[in-house]
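What follows draws every value from the coordinates through simple rules; no lab data is involved. The structure presented is a predicted model; accordingly, all values stated were derived computationally and were not measured. Because the Cβ atoms are built from the backbone with ideal geometry, glycine has one as well, and the counts that use them run over all protein chains shown.
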Amino acid sequence: MKINHANFFVFSILVSVNAQAIDLGYGFTLKGFGTGGLVNSSNDNADFVANSVLQPNGAGTSGNPSLVVDTKIGLQLDYKVNDRLSFAAQGLSKQQYNKSFVPVLEWAYAKFKLMPELDIRVGRIRPAIYMLSDYLDVNYVNPWVRPPTEFYSSAPISHMEGVDFLWRPTTGDISWLVQPYYGVTELGLLTPQGVAGQLNADHILGINLSASYSDFTLRFGYAQTELTIHSDKFSQATALLNGICNYGDQTACYQASAASPLGKHADFLSVGANWDNGDYFVLGEYGKRTTKTYAVADVTSWYLSSGARFKKITPYITYSAFHNDSPVAYGGDTTPGLGNIVNQITTAVMQGNSMDQNTLSLGVRYDFMPNLALKGQWDHVQTSTKSGIPGSGSGLFAIPQPDFANGGNQVDLFSVTLDFVF
Amino acid sequence: MKQIKAFFLAVTLLFTSYSAQAEIVVVVSAQSTVEHLDKNKIAAIFLGKTDTFPNGIQSVPIEQAEGTKAYEEFHHLVTEKSMSQLNAYWSKMVFSGKGHPSKEVSNGAEVLKLIAANPSMIGYLEKSLVDDKIKVVFAP
């Protein structure tokens, strides 16, 4: 029976991808996208995950190969009222921080054309933090098995309640996009040691600017927010530091407020470029995150990718890197007795962060049907410690065992995915 | 000798198929104020990157059905995108709420009928279908 159900599932997907969207009449359209994927990791001492603060487990310690890293399905319902007003809602099912696959509403907005080149959107929208923010989960539209993990783990705010403007003027041969946005969000995520927590990003204020000329697009983005992370780990740490502060250790007072992730400023600045002449493409992004809390490290991340299209076959190569710019250990409190405890707690908070990692990827995309792409990718992932400091070598992996976290690691991943859109 | 013959045959076929590909022209209504458009502008209109002609008047692109010969020729010569690339491009636009594929009709005769009556529309069709109700703004 089980096999019959599986066959039916595959059959219905194949039937539906042959259709170009589904026109439901009365202005309603249904579209969808998804990925089925398997990842195998060469290392059993940690789990490779697509995003270390959003995915609790993946390939490695939890088993091989893993289905949960890349598999996802999204459905979008559009309702066009007239030429100026439309509504859209998109639900996405993929592994969440709590292992659930319950669909999450990623988009749910009303869009109104204020002027021929200016739209406003109000509701739940994806803030355009990265160059590919809008379609990060639609793997079919991107060349790779998954967007480079190192760069796209830097600012994991996938949606917010808010407003954005899309202004698309043209000057000569240059098409511009000016997209300011404002909003708030609350989302579940993983805090150190894989503990579920909650993130509140208030006053998200950002801008996405891009200029396209012929095959070339340049892009600039800036976003800032007031960040609060609710997590037992962090509240215990700050409570302990405050307790020691009450004994008169001034350093503990300072460290308590520096470690606290309550209402702290965070921002992300990024630049990107994309050149694509149809036969060849080169794209890359560079980003810098800065925050006012030890709980979320300052980060520099980037990637560069290139590929060539030979009819239906597209080989590509990508290099991506993530660098933790904050200290990962603290030893500054010299108060006899208590100072040592302050140093240990502060170090533990700092080491809850993602650590240095880089990946070299080689892959091939095969467009064997108009709405289906089969991809195979090999990733060589390298993590490294900060000056040999124990506990700083886990990179962006989940569930790192002590051996993994205390040294640098080389991990090879093999992934196969099937992407579809309809 | 056989090889040389095969080579010339291949060259001849190459040119034949090339000239066969240039059978489509880009047209607007005879009532339109637009006289000529370059390839980049037409590509921008059909990819939803702009919704106006250079003179500021609204432009509404009309596609032929996906998979038709005219569709493939037009995109090969003007937007220079394959079916897979067009699918990826429109998926990006649709799933990010930035745009929707253009209105689509089933053949050149339908394009002619629509465009003749609508000065804001732009489409492409087989050269042989052109009559005095429409005018050619670009011939690839």
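Here the stretch A:193-214 is scanned for amide nitrogen atoms under 15 Å from the site 7 Å beyond the Cα of residue B:40 along Cα-to-Cβ, giving A:211-214.
Over the stretch A:265-422, the fraction of Cα-Cα pairs per 5 Å bin, rounded to whole percents and listed from the shortest bin up, is 2, 8, 13, 15, 15, 14, 11, 8, 6, 3, 2, 1, 1, 0. Using a Cα distance threshold of under 25 Å, what count of lysine pairs results for the stretch B:52-139 when pairs must be 8 or more residues apart or interchain? Here the count comes out as 20. The tail of the calculated P(r) for chain A, taken as Cα-Cα distances beyond 35 Å, holds 31 percent of the pairs.
Going from the residue with the fewest nearby Cβ atoms within 10 Å to the one with the most, A:214, A:361 rank A:214, A:361. Rounded to the nearest 10 degrees, the angle from helix A:250-259 to the longest Cα principal axis of chain A is 10 degrees. Stokes-Einstein diffusion for the stretch A:213-338 at 37 °C, viscosity 0.692 mPa s, with a Kirkwood radius from C-alpha pairs, works out to 183 µm²/s.
Taking the C-alpha atoms only, the angle from helix A:232-246 to the longest principal axis of chain A is near 30 degrees. Taking the simple approach of a point 7 Å from Cα along Cα-to-Cβ for both residue A:100 and residue A:317, what is their distance in nm? It is 4.4 nm. For the stretch B:23-138, the alpha-carbon radius of gyration amounts to 0.99 times the rule-of-thumb value 2.2 N^0.38 Å expected for a compact globular protein.
Against chain A, whose longest principal axis is taken from its Cα atoms, helix A:338-350 shows a tilt of about 10°. Each of A:420, A:322 was scored by other Cβ atoms within 10 Å of its Cβ. Listed from fewest to most, they are A:420, A:322. Along its three principal directions, the equivalent ellipsoid of the stretch A:294-371 from the Cα gyration tensor extends over semi-axes of 46, 10, 8 Å, largest first.
Applied to the stretch B:79-90, the Karplus parametrisation 6.51 cos²θ - 1.76 cosθ + 1.60 on θ = phi - 60° returns per-residue 3J(HN,Hα) values of 7, 6, 10, 7, 3, 5, 5, 5, 4, 5, 4, 6 Hz, with x for Gly and Pro.
Cβ-to-Cβ counts within 10 Å put A:126, A:168 in ascending order as A:168, A:126, the fewest first.
Note on residue B:76 and residue A:23: the model spin-label points, each 7 Å out from Cα along the C-beta direction, lie 2.7 nm apart.
Backbone N atoms of the stretch A:43-78 closer than 17 Å to the 7 Å Cα→Cβ label point of residue A:403 belong to residues A:43-48, A:60-64.
Summarised in one figure, the compactness ratio Rg/Rh of the stretch A:131-289, Cα atoms and Kirkwood Rh, is 1.09.
Phi-derived couplings, Karplus 6.51 cos²θ - 1.76 cosθ + 1.60 at θ = phi - 60°, listed residue by residue for the stretch A:136-147: 4, 8, 8, 4, 4, 7, 9, x, 8, 4, 8, x Hz, with x used for Gly and Pro. Take every Cα pair under 8 Å whose residues are at least 6 apart in sequence, average their separation, divide by the length of chain A, and the relative contact order is 15 percent. Applied to the stretch B:28-40, the Karplus parametrisation 6.51 cos²θ - 1.76 cosθ + 1.60 on θ = phi - 60° returns per-residue 3J(HN,Hα) values of 10, 5, 4, 7, 5, 8, 7, 10, 8, 10, 8, 4, 4 Hz, with x for Gly and Pro. The stretch between residue A:416 and residue A:262 holds 51.4 nm of extra length on full extension. This uses 0.36 nm per residue minus the Cα-Cα distance.
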